[in-house]
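A.B. asks: Sending over a structure as structure tokens; questions will come in a sec.
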Amino acid sequence: MNENLFASFAAPSMMGLPIVVLIVMFPSILFPTPSRLINNRLISIQQWLIQLTSKQMLAIHNQKGRTWALMLMSLILFIGSTNLLGLLPHSFTPTTQLSMNLGMAIPLWAGTVITGFRYKTKASLAHFLPQGTPLPLIPMLVVIETISLFIQPMALAVRLTANITAGHLLIHLIGGATLALINISAITAFITFIILILLTILEFAVALIQAYVFTLLVSLYLHDNT
């Protein structure tokens, strides 16, 4: 049971070679690029959604922060499409791997911190010691603020991993329960199947929300450092 339960989280391979890189690159093929003067409906909707999201996410940024617009939009499109593709049967979701999420979170977080120390050195250092702190509490607060700073990328990665993994496990468990209940009670199996459909719809929403939350938090870290 445990092997079947966690089999979908194992990195896939073909002929003994890992194909994770191909899976990670696959979502980028799904987004069409405009090649005509007048776009079709699909590209128009795609561009409208990107413009709406970028306008909302970059409204709080100054000119320096808006230079990250391409990075942030690419990030939300990648995470969202990867999460949605992972809901297909017999598929693999790279965002369930903590190592991959850390690989996204740490460089982005480090980039925002380095930007802050480069352009707002005094303000960045001031975050480690709030104004008006009593003298005996200064060493403790500096340590606490330093730890909280280094926890930020871990929180980004763990949040995304936990939400996507929990949803996949619930779908797997409820789907297995539905199959087991067919021969026992058809009514109970039907109710469980309805719950499975509702959970799948919820997971579609979670897949998009988690992509937005991950990108929004990176955007907020950038705003604090520009």
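A.B. asks: Does any residue in region 13-33 that is small (Gly, Ala, Ser) come within less than 7 Å, Cβ to Cβ, of a residue that is modelled with pLDDT under 70 and open to solvent by less than 100 Å² (accessible area, probe 1.4 Å) six or more places away or on a different chain, and which pairs are these?
C.D. replies: Ser13/Ile19
A.B. asks: Right, something else. Do we find a residue being of a type outside the set (Ser, Thr, Tyr), under 30 Å from Met57 (Cβ atoms) and touching a residue at least 40 places away in the same chain (Cβ under 8 Å) anywhere in region 130-151? Explain how you work it out, then say what you get.
C.D. replies: Here is the first cut: in region 130-151, the residues of a type outside the set (Ser, Thr, Tyr) are 130-132, 134-145, 147, 149-151.
Those left that are additionally under 30 Å from Met57 (Cβ atoms): 130-131, 144-145, 147, 149-151.
Imposing the further condition that a residue be touching a residue at least 40 places away in the same chain (Cβ under 8 Å) reduces the set to none.
No: region 130-151 contains no residue that is of a type outside the set (Ser, Thr, Tyr), under 30 Å from Met57 (Cβ atoms) and touching a residue at least 40 places away in the same chain (Cβ under 8 Å).
A.B. asks: Please determine whether any residue of region 214-223 is part of a helix (DSSP H, G or I) and closer than 17 Å to Thr96 by Cβ. Walk me through how you get there before you give the answer.
C.D. replies: The initial filter retains those residues of region 214-223 that are part of a helix (DSSP H, G or I), namely 214-223.
From what's left, closer than 17 Å to Thr96 by Cβ: 214.
There is at least one residue in region 214-223 that is part of a helix (DSSP H, G or I) and closer than 17 Å to Thr96 by Cβ.
A.B. asks: Might you let me know whether region 180-193 holds any residue that is among the β-branched types (Val, Ile, Thr) and either touching a strand residue (DSSP E or B) at 6+ places or on another chain (Cβ under 6 Å) or within 30 Å of His61 (Cα to Cα) (or both)? Talk me through it step by step, then tell me what you get.
C.D. replies: Start the filter on region 180-193 by keeping residues that are among the β-branched types (Val, Ile, Thr), which leaves 182, 184, 187-188, 191-192.
Narrowing the set further to residues that are either touching a strand residue (DSSP E or B) at 6+ places or on another chain (Cβ under 6 Å) or within 30 Å of His61 (Cα to Cα) (or both) leaves none.
No, that holds for no residue.
A.B. asks: Restricting to region 24-59, what's the tally of residues that are β-branched (Val, Ile, Thr) and surrounded by 12 or more Cβ atoms within 10 Å (Cβ to Cβ)?
C.D. replies: Looking only at region 24-59, we keep the residues that are β-branched (Val, Ile, Thr), and these are 24, 29, 33, 38, 43, 45, 50, 53.
Then drop every residue that is not surrounded by 12 or more Cβ atoms within 10 Å (Cβ to Cβ), which leaves 24, 43, 50, 53.
Total satisfying the criteria: 4.
A.B. asks: For region 151-172, what are the residues that are open to solvent by 60 Å² or more (accessible area, probe 1.4 Å) and more than 16 Å from Thr93 (Cβ to Cβ)?
C.D. replies: Ile151, Met154
A.B. asks: Would you mention how many residues in region 88-99 are more than 18 Å from Phe31 (Cβ to Cβ) and either touching a Ser or Thr at 6+ places or on another chain (Cβ under 6 Å) or open to solvent by 40 Å² or more (accessible area, probe 1.4 Å) (or both)?
C.D. replies: 6
A.B. asks: When only residues in region 124-150 that are open to solvent by 60 Å² or more (accessible area, probe 1.4 Å) and closer than 16 Å to Ile114 by Cα count, which is nearest to the chain's Cα centre (by Cα)?
C.D. replies: The selected residue is Phe150.
A.B. asks: Does Leu17 meet the test of being at negative phi and modelled with pLDDT of 65 or more? Quick ask: steps written out before the conclusion?
C.D. replies: On the way: at negative phi: yes; modelled with pLDDT of 65 or more: no.
No, not satisfied.
A.B. asks: Also: If Tyr221 passes every condition in (1) in contact with a Ser or Thr (Cβ under 6 Å, 6 or more places away or on another chain); (2) over 30 Å from Ser54 (Cα atoms) but one, which one does it miss?
C.D. replies: (2)
A.B. asks: Let me ask another. Taking region 194-209 as the region of interest, how many residues are over 26 Å from Leu181 (Cβ atoms), open to solvent by 20 Å² or more (accessible area, probe 1.4 Å) and touching a residue at least 40 places away in the same chain (Cβ under 8 Å)?
C.D. replies: Within region 194-209, residues that are over 26 Å from Leu181 (Cβ atoms), open to solvent by 20 Å² or more (accessible area, probe 1.4 Å) and touching a residue at least 40 places away in the same chain (Cβ under 8 Å) number 1.
A.B. asks: Please pick out the residue among Leu70, Leu77, Leu84, Leu108 that is open to solvent by less than 30 Å² (accessible area, probe 1.4 Å), outside any loop (DSSP other than H, G, I, E, B) and aliphatic (A, V, I, L, M). Write out each step before concluding.
C.D. replies: On the way: Leu70 fails: open to solvent by less than 30 Å² (accessible area, probe 1.4 Å); Leu77 fails: open to solvent by less than 30 Å² (accessible area, probe 1.4 Å); Leu84 fails: open to solvent by less than 30 Å² (accessible area, probe 1.4 Å).
Going through Leu70, Leu77, Leu84, Leu108 in turn, the sole match is Leu108.
A.B. asks: Separate question: Do the conditions hold for Ile164, that is, is it modelled with pLDDT under 90 and assigned to a helix (DSSP H, G or I)?
C.D. replies: yes
The values are calculated or read from the model by the stated rules, or taken from the named source; none is laboratory data. What you see is a predicted model; the values in this text were computed from it and never measured. Note that we place each Cβ from the backbone using ideal geometry, even for glycine, and neighbour counts take in every protein chain shown. Ligands, DNA and RNA are excluded from the accessible area calculation, which covers all protein heavy atoms including side chains. Shrake-Rupley method; radii C 1.70, N 1.55, O 1.52, S 1.80 Å.
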